[in-house]
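The values are calculated or read from the model by the stated rules, or taken from the named source; none is laboratory data. As the structure is a prediction and not an experimental result, all values here were calculated from the model. For neighbour counting, all protein chains shown are included, and Cβ atoms are generated from backbone atoms with ideal geometry for every residue, glycine included. The accessibility values were calculated without ligands, DNA or RNA, using every heavy atom of the protein model including side chains. Shrake-Rupley method; radii C 1.70, N 1.55, O 1.52, S 1.80 Å.
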There are 2 protein chains.
Amino acid sequence: MESPNTAAARQDLYPSRTGAEARLLERQDPIVRGTVSDGPLEQAALDHFEQHGYLLFQGLFNAEEVASLQAEMKRIWAARQEDSGDEVIREPESAELRSVFRIHETSEVFARVCRDPRLLGAAMQILGSPVYVHHSRINYKPGYAGREFYWHSDFETWHVEDGIPRPRALSISVALTENTEHNGPLMVIPGSHRHYVSCPGETPADNFKSSLRKQEYGVPDPASLDALMKRSTAPLTSAKGPPGTVLMFDANIMHGSNGNITPDPRTVLYFVYNSVHNTPEAPFGNRPPRPTFLRNLDFTPLRSVQG
Amino acid sequence: MESPNTAAARQDLYPSRTGAEARLLERQDPIVRGTVSDGPLEQAALDHFEQHGYLLFQGLFNAEEVASLQAEMKRIWAARQEDSGDEVIREPESAELRSVFRIHETSEVFARVCRDPRLLGAAMQILGSPVYVHHSRINYKPGYAGREFYWHSDFETWHVEDGIPRPRALSISVALTENTEHNGPLMVIPGSHRHYVSCPGETPADNFKSSLRKQEYGVPDPASLDALMKRSTAPLTSAKGPPGTVLMFDANIMHGSNGNITPDPRTVLYFVYNSVHNTPEAPFGNRPPRPTFLRNLDFTPLRSVQG
């Protein structure tokens with residue numbers, strides 16, 4: 001359901017791309033809302049997420065589980081090669097597949113993964129409520145040709161372009177190939193989730209058609225990034241690990257990845273969990289909302305299934 | 001002196017960019033020519049270079065030496081900002097300085113470094129003869145904007161474009177900033193110096209004007225890279241280390257680097273040492289030779305000085 005509010009009538013705690021100069025704002029919302037009795041994460045893990053904005057579990061899925069996910073990934077890779085729909089994103093230069101969206105609805109295997117208690121339970125525990133999937137995707141970063149993805153806060157985009165009111169959301173990634181220091185793993189600035197970069201610029205029409213390949217709006221300025229680095233709670237960290245490694249990260253943590261000239265592809269599943277108390281309103285930017293493969297409007301709470 | 005030979009009259013042991021299909025050739029030349037009594041490298045180091053094609057010395061230059069090199073680097077960075085000459089290479093998109101060439105002739109400090117016995121002595125020891133500098137440069141990989149440099153063999157370019165007959169040359173890099181796993185350090189494929197990738201394509205006119213920023217010719221094909229990876233003597237290795245770290249690598253080793261979205265710049269000095277018995281002839285490709293800031297024609301052997 002769309003909120004009847006319009007951007008003009010609302011107070012915006014997280015303004016961005018308003019044409020004003022870039023600035024760093026304090027986060028106005030809690031980070032971890034649940035307690036240790038609410039889900040699978042122990043107190044140390046909850047504390048780590050609170051302080052640093054992410055959790056890395058190397059090899060959370062075992063070899064057998066990984067093999068099943070990889071088989072499904074390969075099936076989708078082959079099946080979507082000729083797909084020209086919006087849900088399929090390609091490399092700007094080579095036209096190779098880069099992302100396939102909506103995998104939690106179009107794949108039975110991935111529908112189950114996103115309801116796995118290790119993921120869904122942790123998401124509900126951190127966000128302190130039932131959750132649904134705002135969007136999901138496979139990212140393929142091919143060998144020899146994987147491009148960088150510059151620093152960004154997901155929440156900045158979801159707020160400005162999708163109308164997600166608050167950073168009461170998180171992403172969970174599941175690596176299907178090994179993430180090494182050489183093949184462009186996702187990097188986070190630890191602690192950066194505690195600040196919000198109000199980005200310069202405004203949003204052009206249909207920005208999502210290019211921003212999923214290369215983001216040019218909602219890009220933090222170097223001075224704000226320098227400030228986040230200075231206030232970071234730990235050195236730059238990347239999501240290295242064997243296939244089956246899981247990264248959980250706050251909607252507002254600053255993250256990005258270098259390119260990948262190595263032969264080793266980097267394939268990762270992403271599920272974005274949003275609290276059912278944080279469903280999208282009208283976008284806070286000046287454009288119509290993005291399509292539903294990016295901004296899911298089915299807010300039915302997910303229920304756990306055993307993987 | 002230019003050789004009177006023409007490409008047509010010569011046998012070419014290392015053909016590339018001839019219009020033929022890519023293929024992998026065996027190296028026809030020795031790797032390490034000197035012995036342990038000829039210079040500063042011990043037997044284990046010589047064996048490592050022979051087997052893997054490189055040597056990494058973390059922190060070879062001490063803090064005081066590094067401070068002096070950094071000061072000179074900053075002086076040159078400032079002094080060459082407005083320089084529009086060929087010796088100064090800029091980022092394709094931002095016009096930021098990327099490389100300054102001929103630093104062993106234009107800077108007294110760097111002229112001394114390239115004659116430091118730790119570098120020059122090792123170069124002469126490996127190449128088994130007196131050496132001169134084929135070219136030299138500072139590479140600046142700025143924070144937030146450093147671009148990748150794809151896999152390549154330096155010798156392939158020096159042979160095709162400069163007329164260097166044999167892989168009897170090597171590069172020595174000196175890091176002036178910390179090289180981390182995150183800021184795009186140079187990666188090598190260990191053992192790849194034992195094979196030569198005959199690259200597809202031909203060379204366009206004035207290729208050097210763009211190839212120093214982004215190489216599009218003399219680029220190895222994925223199948224050859226896969227073959228080099230399969231035959232590699234060790235996993236992919238990168239030149240990580242504190243400022244003052246030194247990497248010595250064979251002219252023919254396959255190397256490259258990912259981009260750098262981190263705030264941390266990566267600045268490195270490069271000196272290319274060539275044997276005086278391996279001076280350039282007419283290029284083996286179909287184009288006139290590159291200018292002398294890339295293809296030095298002063299073959300006067302270097303003499304060691306204490307740093």
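Output yes when any residue across the range A:63-79 is small (Gly, Ala, Ser) and under 24 Å from A:Pro204 (Cβ atoms), and no when none is.
Within the range A:63-79, not a single residue is small (Gly, Ala, Ser) and under 24 Å from A:Pro204 (Cβ atoms).
Based on this model, can you work out whether A:Leu41 counts as open to solvent by less than 70 Å² (accessible area, probe 1.4 Å), out of contact with any Cys (no Cβ under 8 Å at 6 or more places or on another chain), among the hydrophobic types (A, V, I, L, M, F, W, C) and at pLDDT 90 or above?
Taking the combined requirement at face value, the residue satisfies it.
Of all the strands (runs of 3 or more DSSP E) wholly in the range B:135-243, which have at least 2 residues that are in contact with a strand residue (DSSP E or B) (Cβ under 6 Å, 6 or more places away or on another chain), more than 10 Å from every other protein chain (Cβ to nearest Cβ) and within 26 Å of B:Glu91 (Cα to Cα)?
B:169-175
Among B:Ser224, B:Ser232, B:Ser198, which is the only one that is over 16 Å from the mean Cα position of the chain (by Cα), open to solvent by 30 Å² or more (accessible area, probe 1.4 Å) and at pLDDT 95 or above?
B:Ser232
With respect to A:Val272, determine if the residue is touching a residue at least 24 places away in the same chain (Cβ under 8 Å) and either surrounded by fewer than 19 Cβ atoms within 10 Å (Cβ to Cβ) or in a loop (DSSP other than H, G, I, E, B) (or both).
Judged against the criteria, A:Val272 is not a match.
Please determine, by comparing only the residues of the range A:89-112 that are assigned to a helix (DSSP H, G or I) and open to solvent by less than 10 Å² (accessible area, probe 1.4 Å), which one is farthest from A:Leu41 (Cα to Cα).
Per the criteria, the residue is A:Ile103.
How many residues does the range A:275-291 contain that are polar (S, T, N, Q), modelled with pLDDT of 95 or more and either open to solvent by 10 Å² or more (accessible area, probe 1.4 Å) or assigned to a loop (DSSP other than H, G, I, E, B) (or both)?
Looking only at that region, the number is 2.
Being under 14 Å from the mean Cα position of the chain (by Cα), polar (S, T, N, Q) and within 14 Å of another protein chain (Cβ to nearest Cβ) is the filter here; which residues of the range B:251-303 pass it?
Of everything in the range B:251-303, just one residue is under 14 Å from the mean Cα position of the chain (by Cα), polar (S, T, N, Q) and within 14 Å of another protein chain (Cβ to nearest Cβ), namely B:Ser257.
Which ones in the range A:71-88 are open to solvent by less than 50 Å² (accessible area, probe 1.4 Å) and among the small types (Gly, Ala, Ser)?
Within the range A:71-88, A:Gly85 is the sole residue that qualifies.
Of the conditions (1) of a type in the set (Phe, Trp, Tyr); (2) open to solvent by 50 Å² or more (accessible area, probe 1.4 Å); (3) farther than 19 Å from A:Leu119 by Cβ, A:Phe57 satisfies every one except a single condition; which number is it?
The single condition A:Phe57 does not satisfy is (3).
Can you tell me which condition B:Arg23 does not meet? The list is (1) more than 21 Å from B:Tyr140 (Cβ to Cβ); (2) exposed (fewer than 15 other Cβ atoms within 10 Å of the Cβ); (3) under 23 Å from the mean Cα position of the chain (by Cα), and all the others hold.
(2)
Out of contact with any helix residue (DSSP H, G or I) (no Cβ under 6 Å at 6 or more places or on another chain) and in a loop (DSSP other than H, G, I, E, B) - does that describe any residue in the range A:43-50?
Scanning the range A:43-50, I find no residue that is out of contact with any helix residue (DSSP H, G or I) (no Cβ under 6 Å at 6 or more places or on another chain) and in a loop (DSSP other than H, G, I, E, B), so the answer is no.
Regarding A:Gly34, is this residue part of a loop (DSSP other than H, G, I, E, B), surrounded by fewer than 16 Cβ atoms within 10 Å (Cβ to Cβ) and not polar (S, T, N, Q)?
It is false that A:Gly34 is part of a loop (DSSP other than H, G, I, E, B), surrounded by fewer than 16 Cβ atoms within 10 Å (Cβ to Cβ) and not polar (S, T, N, Q).
Within the set of pairs 6+ apart or on separate chains, which have a first residue in the range B:206-228 that is under 20 Å from B:Tyr14 (Cα atoms), a second that is open to solvent by 70 Å² or more (accessible area, probe 1.4 Å) and modelled with pLDDT of 85 or more, and C-beta atoms under 8 Å apart?
Every condition considered, the pairs that remain are B:Asn207/B:Arg287; B:Ser224/B:Arg23.
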